[in-house]
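Quick notes on the structure that follows.
Please treat every number below as a calculation from the coordinates, not as lab data. Just so it is clear, the model here is predicted, and its values are computed rather than measured. We place every Cβ from the backbone using ideal geometry, glycine too, and count neighbours over all the protein chains shown.
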Protein chains: 4
Amino acid sequence: MGDKITGIFTPHVVPLDPEGRINEPELRRYIEWLIAMGVHGLYPNGSTGEFLRFTADERRRIVQIVCQQAAGRVPVLAGAAEANVRETLAACETYAGYGARAVAIVSPFYYKLSPESVFTYFREIALHSPIDVTLYNIPMFASPIDVPTIRRLAEFPRIVGIKDSSGDLVFMMRMIAAVRPGRPDFSFLTGWEAALVPMLLAGCDGGTNASSGVVPELTRQLYDLTRSGQIDEAMRIQYRLLELFDAMLFSADFPDGFRAAVDLRGFAMGPSRQPQSESQQVDRVALQKVLHCILADSGYTEYPAGGCPARTGNIDRDRITHLSAAVVEELRKRGLA
Amino acid sequence: MGDKITGIFTPHVVPLDPEGRINEPELRRYIEWLIAMGVHGLYPNGSTGEFLRFTADERRRIVQIVCQQAAGRVPVLAGAAEANVRETLAACETYAGYGARAVAIVSPFYYKLSPESVFTYFREIALHSPIDVTLYNIPMFASPIDVPTIRRLAEFPRIVGIKDSSGDLVFMMRMIAAVRPGRPDFSFLTGWEAALVPMLLAGCDGGTNASSGVVPELTRQLYDLTRSGQIDEAMRIQYRLLELFDAMLFSADFPDGFRAAVDLRGFAMGPSRQPQSESQQVDRVALQKVLHCILADSGYTEYPAGGCPARTGNIDRDRITHLSAAVVEELRKRGLA
Amino acid sequence: MGDKITGIFTPHVVPLDPEGRINEPELRRYIEWLIAMGVHGLYPNGSTGEFLRFTADERRRIVQIVCQQAAGRVPVLAGAAEANVRETLAACETYAGYGARAVAIVSPFYYKLSPESVFTYFREIALHSPIDVTLYNIPMFASPIDVPTIRRLAEFPRIVGIKDSSGDLVFMMRMIAAVRPGRPDFSFLTGWEAALVPMLLAGCDGGTNASSGVVPELTRQLYDLTRSGQIDEAMRIQYRLLELFDAMLFSADFPDGFRAAVDLRGFAMGPSRQPQSESQQVDRVALQKVLHCILADSGYTEYPAGGCPARTGNIDRDRITHLSAAVVEELRKRGLA
Amino acid sequence: MGDKITGIFTPHVVPLDPEGRINEPELRRYIEWLIAMGVHGLYPNGSTGEFLRFTADERRRIVQIVCQQAAGRVPVLAGAAEANVRETLAACETYAGYGARAVAIVSPFYYKLSPESVFTYFREIALHSPIDVTLYNIPMFASPIDVPTIRRLAEFPRIVGIKDSSGDLVFMMRMIAAVRPGRPDFSFLTGWEAALVPMLLAGCDGGTNASSGVVPELTRQLYDLTRSGQIDEAMRIQYRLLELFDAMLFSADFPDGFRAAVDLRGFAMGPSRQPQSESQQVDRVALQKVLHCILADSGYTEYPAGGCPARTGNIDRDRITHLSAAVVEELRKRGLA
């Protein structure tokens, strides 16, 4: 088995050409940049990477490109969920061959499975996978992995970690309390960078964070500051990252705000495969401004010509959204939410 | 365009051989039986058919077998959701070639999309599909289709109906009120046979009901009684169907209780592709008994030797489950539910 | 014990004077009108009656007025939930003295209690109440009463019925299947008039419906048509009632749309005790129009001068609300819903 | 106006005598002990204090006793929510007279109000209260207070803080980011002590924590360690507190586990007003053991004779609960959750 999985892994977006095909040169250029900017690892076929919108063949190709380009400089955590256990195990074998450090497998989705079924699914994979497995818990999208289940699964040596995207810090602490005493090598990664510093302080080994594909210098800095005990400075940056994270999260249906933001760093990501209406185009000018100011605040770039607004909690945006409250409620009651 | 879609369509389970491959002869034998028992149509690649646990190639093969076997005797509504719009449109084309009456396309799942994104997704399909499209709303598993969205989508002639599995009768009525005046040809199908009679009385044109793959004679009888105005008798059978439906729904993670029940009608369905622990094996003896008694009540078979229990709302089962309430609550609070 | 509780009970709004005090003369006049219009019973201190916004003394006074005014012509079902079991039992005693037919007691709210706690709470009341008790299940507001719990509670003779406001028809059927065989005298009342006809066809004995305080002639007609087997005509009116129900439900935070609608029938209900901003005033002109057209459709009044729009599912309103979808989603993600 | 509200406030349980009446001498003794153990403030009529299960007169009496006993040594934050705005303002006036530092007012509950209604409710109170007001957000029990609403309410000088019991760290950060720049005196208190250290590091001014009524020495130590920058030691104790917190939270319906735990510290709290079945009695022996070991770990007492188990995430308890997973799922599907 390999080393314990630690640090910030990037669940990267996949650049597409105008015909919607994987843009391989741009993907390679983007991976190269991420490594240069200091990410600790790469995570193709995550939720940010829209694994579900690619065919099985395309998912393989993406991992192959990423492993080739990384060339051992940083570890690769390859998303390997396929249609069923057999297909998933076949992908595990392929990704082992490509040199991935481990695979990440999301809990079964669409059907909402019971804890016993979630356990049985991962047990089957743990018993036959030729490569280390990290569990992927994302309860807003897939069957939840609860604390008793993670404990039972941690008895399989092949399972070496969990990525949790619930954003629930106390749930993370419950998992750590339940598993770490018996499995000190087990890795806890948070998928919720809005609370990255607190998660690291609570014992996480790292994160798989979409924001690290946009501002890898910032997430790395956050990680390093926290590890070296500079908590106040880390929290200051955490608040800035939250501002950017919210802008990317709320500007479009996930993960399109992240795709738009990577564009602003100089990569031609192209449109998502989920079609968008005109009204859905992310306001890149607004996003650009937030991104620019945050990077300037952290000394990574100059301030924009017009200056940056004082950081006051997005007052104007809030006021606007609040005006719509009555409409919102009506829609909510009609079954929207 | 074809006739309006009406009646009971069967979202059938797919028999698998011991190696987990599609058992084609048994699938053909099963389809033949369903047609003989009076189902109005067939619906391969539905949720009951575990479309997600097959590969793209397998999904095509399933539809091909079903269309061949149906041979025009009953219409086929083919589940055509694939990884993205392009792949889905390719499946639509293929299924048109196989002779399917229409395709059924589930709302985007995993990611929870906004109404605008759901609209844009289906609009793209409606504009390019060579075959009629029915929407598939199943909010416990996929992005919800709300009333304003269904109204907007009903403006596309290619979209000819919706299958709703929310089980919410009033939501169904709101959809009918919103769409029917402008699109009298638009078909409303309920996926919730526990309320089939009330749904038909409220204006539904039919249903796509997993139970019709187990007791096609009963769901057909229900449909015919309701259509001929014999409401009291229909409701009497509706309550029996509810008992069976609940037994299949709650005896295992969906759809495994339905798979086990089809077995009891004399078909070798084989195990699901979702692995199961020993404790998860459906209690087929208990399920058999419920099934046997319900069919006997309706005159389709003799009563079992030991007789049937009085219908008293599953008192014993309830009492047992209630004892676990404290445990349940504890688990629920820990994030299980 | 009294007769089985059947028919449509009105959970009426309480008229308030400009100082926010109970307007007793108007309340008496309103009760008189409701009886004249054919409601089968009265239900003071329900959710529509905003029981929670009155003091314990005011709640008693409301029941006293209603019982006096009813004077035995129709039965009174008095909402009796107070701060704890002791206070609730004291209210039961008082309401028995006033001549109420039974009390209705909502499941414990605020705290979300386990089924065992819900059972124990009602058991304590059942053992000591001097008056028949109906349970009140309203899971969007209070701890849910599940099927096993209703079964256990139905073993107490003092408990004679349940009012369910979940709106879930199949849940109602499960309760009926579980309880009716052993307690044919037990009463099932639906609080969801949007599905009143289907609920009655499924076996409900009646309803406690806020709409019956606005259009008592219509809910009575619905009830009578269904009981006499005129299902098609009943469903036609059901759809009209749904239109009005939605208008009242979605025009304001519940129950203010109902309060505004009673005003339009000629009663001075006054403002709610929940303060409202200017933007929250119900658009009474719009509500008036819907109400007027529905009553005209049913022959209860003349059509308005400007005529009524074709019934096409509120297209315009839908289109407007849909424009706000992006805003909605943003707010929802921020924790609004 | 008074000083900024900071530190750990205790939302204390109310001791009851065998007849269920307020046990005044024991309440005074308990308050005295809490002050001696170092809590920064007191919080009568919170959710832990079961404010809803007392009459309006009893709530006043509780605050009076607490204010008298505190006698200015620590500030009192008095829960003042009553049936409506008028009654609530009357309570505010009374509590100002008793010498409370501020009142805490929970967002409207039972009815789920829209953000606009929540705003209007608190605005009305802010404009007329003679005493400082802290908002109380507890979305699992009451209408949620969202970020735009807190921002709008922070414009009223009378509103001086918020207690948030959502347990969502990122939501807390969003509130702080939105309000603090314009209102540096505004106080953010977390009600979720399972994450007390991270919440303090993220900028909270303190907490109102039920656990501080059980182990006031531990919560105080946590607070002091965090404030003095000893994060590692603080996190070590945080994990212990989590173990105790979970034991109290999951051993009974909230807040009964906390009531049982205070008993174990030597106070006669008596039974709750919510009746309990035999099966619901908290296992005080088990709870005692956890409590004893945690206090011993922190040096506050000797270890128990039989020693303490290694801290391994409650493996045994987890294994037991997991066995019930199938039952749980069944119940959940039936509408329990």
Of the listed peptides D:3-14, B:134-145, what is their order by residue-averaged count of other C-beta atoms within 10 Å, with the highest listed first?
-> D:3-14, B:134-145
Three principal axis lengths of the range D:7-255 [C-alpha, angstrom, descending] = 47, 46, 34
Give the span of the range C:85-129's Cα atoms along each principal axis, as three whole-Å numbers ordered largest to smallest.
-> 33, 20, 17
Of all chain D residues, the one whose C-beta is nearest the axis that brings D onto A, in angstrom | D:Pro198, 2
Give me D for the range D:12-70 in µm² s⁻¹, whole number, from Stokes-Einstein with Rh from the Kirkwood sum over alpha-carbon pairs, 25 °C and 0.890 mPa s.
-> 212 µm²/s
Among the DSSP beta bridges whose two residues both lie in chain C, what percent are antiparallel, rounded to the nearest 5?
-> 10 percent
Across the residues of A:271-283, average count of Cβ atoms on other protein chains within 10 Å?
-> 4
Any cysteines in the protein assembly as shown with zero other Cys Cβ atoms under 4.7 Å from their Cβ? List them, or say none.
-> A:Cys67, A:Cys92, A:Cys204, B:Cys67, B:Cys92, B:Cys204, C:Cys67, C:Cys92, C:Cys204, D:Cys67, D:Cys92, D:Cys204
Karplus ³J(HN,Hα) for the range C:16-22 (6.51 cos²θ - 1.76 cosθ + 1.60, θ = phi - 60°; Hz, whole; x = Gly/Pro) runs 10, 7, x, 8, x, 8, 4
Please work out the Cα center distance from the range A:190-242 to the range B:131-207, rounded to the nearest Å.
-> 46 Å
Quick one: label points 7 angstrom along Cα→Cβ at D:Gly266, distances to the other copies in nm, smallest first?
-> 6.8, 7.3, 7.8
Residues of A:144-155, mean number of Cβ from any other protein chain within 10 Å of their own Cβ, rounded to a whole number?
-> 5
Roughly how many debye, to the nearest 20, is the charge dipole of the protein assembly as shown about its Cα centre, given +1 on each Lys and Arg Cβ, -1 on each Asp and Glu Cβ, and no other charges?
-> 0 debye
If each of D:Arg86 and A:Met140 carries a label point 7 Å out from its Cα toward its Cβ, how far apart are those two points in nm?
-> 4.3 nm
Flagged as over-length at 29 Å C-alpha distance, from B:Lys112/B:Lys163; B:Lys112/D:Lys112; A:Lys289/D:Lys112, the pairs are A:Lys289/D:Lys112
How long are the semi-axes of the ellipsoid equivalent to the protein assembly as shown, from square roots of 5 times the Cα gyration tensor eigenvalues, in whole Å, largest first?
-> 44, 43, 31
Enumerate by residue number the GluC sites (Glu not before Pro) in the range C:235-305 meeting two conditions: DSSP loop (anything except H, G, I, E, B), and at most 15 other Cβ atoms within 10 Å of the site's Cβ.
-> C:Glu302
Quick one: if you stick a label point 7 Å off each Cα along the C-beta vector at A:Arg21 and B:Glu233, how many nm between them?
-> 6.3 nm
Hey, what did chain B get for relative contact order, percent, Cα under 8 Å, at least 6 apart?
-> 17 percent
What are the nm distances, shortest first, from D:Ser228 to its equivalents in the other copies, labels at 7 Å along Cα→Cβ?
-> 2.7, 8.5, 8.7
Per-residue ellipticity at 222 nm for chain D, helices alone: DSSP H runs ≥ 4 residues times -39500 (n - 2.57), over residue total, nearest 500 deg cm²/dmol?
-> -14000 deg cm²/dmol
State the antiparallel share, in %, of DSSP beta bridges confined to the protein assembly as shown, rounding to the nearest 5.
-> 10 percent
Shortest first and in nm with one decimal, please list how far the B:Pro130 label point sits from its counterparts in the other copies (point 7 Å along Cα→Cβ).
-> 4.0, 8.1, 8.2
Report the relative contact order of the range D:63-158, percent, no decimals, based on alpha-carbon pairs under 8 angstrom and at least 6 residues apart.
-> 28 percent
Per residue of D:169-178, other chain Cβ atoms within 10 Å number on average 6
